[in-house]
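Working notes for the structure below.
The values are calculated or read from the model by the stated rules, or taken from the named source; none is laboratory data. Bear in mind that the values here come from a model prediction, so they are computed numbers and not experimental data. Glycine gets a Cβ as well: all are built from the backbone with ideal geometry, and neighbour counts include every protein chain shown.
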Amino acid sequence: MRISTLGFQSTASQQMQTLEAAIARTQQQLSTGKKLQTAADNPVGMAQVNELNAQLSASQQYVANGNTATANLQLEAQSLTGATNTLQSARDLAVEANNSALTATQRQDIATQLQQQLQDLIATANQKNAAGDYLFAGNAAQTLPFAQSAAGVAYSGSGQVNQIQISSNQRISAGDTGASVFMNIPAGNGTFTTAAAAANTGSASITPGTVTNVAAWVPDTYQISFSSPAQYQVTNSTGAVVASGSYTDGDTVSFNGVQVTLNGTPAAGDQFTVAPAGTASVFSTLSGLIKTLSTANLSNAQLTTQINGALQQIDGALGNFNSVQASVGARLNAITASQTSAQSLQTTLTANVSSLTDVDYTQATTQLSSEELALQAAQQSYASIASLSLFNYIK
């Protein structure tokens, strides 16, 4: 086989260029610390790196989302604690006011204190976060959620809250609407409410009552009417008698799966109402209590009935605050667990990316030495062969 001088030179030059390119590539890997510079270096490996980096980026975003939700929920928890303290203080004032020995002036003083508690509660419900968003406005974060007017306190926020992704398969509510926290609280005992007629002249008051048999309860508006201080009957909205009996101070009146207790002596013609419970806001509860204490011509029986009703409503609101706060705590725990898992995943993903992209310096240094030696040998070989000539052998 004949090898031309031109062919020899071309082949030798190509081989040396290839070795030089390999050396340059290895040197670049050593200087950057990365063995994958382009997809051509390792197409399959680069595809794996891209997929791992996408997973890592998503996991980091979930952690960032969790941090945002955590800040908001922690601020909400603080607000709920403040609202609970305010409402508990209002409850203490209501208990203090539920004393027949107090004068109208003393009750008015308590009403004035309750008015301040009401304003404090509205301020808490309108609290903002660090971004200037209202905590309890739901999705309408820039809308003032609660405004007070002559008609009472109204809610203008959204009925929905932002859902934040904290993992690939988990979303949580980043807050709670003002409607669910402060407005839609079951009235009375949650099943029915009680009230004394404004025209009553006796000294009897009625308790909020309890449900003894849910299945027997028929939602309707019932009137407990006294024909004399010792005789009563219970009628429904159609006027049909559902129960009747004799009464002495402190007796319990039972009908249709519920019971209420009356204290004091009713007068003939006195009436008490038992009606299905709706919902009431914590603001209307305090406003109603303030109105009760500010009304000078109420009898002790009417005062007791209305204050007892307000106390039960306040207890319901406190229970709702506690439930929401427990939900906030559960969500914070879920975020913590999710972030712990995400951080563990990120450690694994980072290690996998590193194993695919990072240079093994010992191996790369050895490889560079081998490539340099090969290039040196190729250059010396080329120089030696290129210097040969037939004239060297003619004598």
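Name every residue in the stretch 260-302 that is in a loop (DSSP other than H, G, I, E, B) and among the β-branched types (Val, Ile, Thr), in order of residue number.
Thr265, Thr295
Enumerate the pairs (first residue in the stretch 90-110 and in contact (Cβ under 8 Å) with a residue 40 or more places away in the chain; second residue anywhere and charged (D, E, K, R)) with beta-carbon separation below 8 Å, excluding pairs fewer than 6 apart on the same chain, so at least 6 apart or on different chains.
Taking only residues 6 or more apart or on different chains, the pairs are Arg91/Asp315; Ala97/Arg107; Ile110/Glu96.
May I ask you to say which residue of Thr105, Thr38, Thr32, Thr84 is out of contact with any strand residue (DSSP E or B) (no Cβ under 7 Å at 6 or more places or on another chain), at pLDDT 95 or above and β-branched (Val, Ile, Thr)?
Thr84
Check whether at least one residue in the stretch 61-76 is under 20 Å from Ala317 (Cβ atoms), surrounded by 13 or more Cβ atoms within 10 Å (Cβ to Cβ) and modelled with pLDDT of 90 or more, and report yes or no.
Scanning the stretch 61-76, I find at least one residue that is under 20 Å from Ala317 (Cβ atoms), surrounded by 13 or more Cβ atoms within 10 Å (Cβ to Cβ) and modelled with pLDDT of 90 or more, so the answer is yes.
Among (1) buried (at least 18 other Cβ atoms within 10 Å of the Cβ); (2) in contact with a strand residue (DSSP E or B) (Cβ under 9 Å, 6 or more places away or on another chain); (3) farther than 30 Å from Gly178 by Cα, which single condition is Thr207 missing?
Against the list (1) buried (at least 18 other Cβ atoms within 10 Å of the Cβ); (2) in contact with a strand residue (DSSP E or B) (Cβ under 9 Å, 6 or more places away or on another chain); (3) farther than 30 Å from Gly178 by Cα, Thr207 comes up short only on (3).
Could you list, in sequence order, the residues of the stretch 214-239 that are under 13 Å from Asn256 (Cα atoms) and part of a loop (DSSP other than H, G, I, E, B)?
Trp217, Val218, Pro219, Asp220, Thr221, Asn236
Looking at the structure I just gave you, is Gly329 in a loop (DSSP other than H, G, I, E, B) and either touching a residue at least 12 places away in the same chain (Cβ under 8 Å) or crowded, with 20+ Cβ neighbours inside 10 Å (or both)?
Judged against the criteria, Gly329 is not a match.
Acidic (Asp, Glu) and farther than 30 Å from Ile185 by Cα: is that true of Asp249 in this structure?
Yes: the conditions hold for Asp249.
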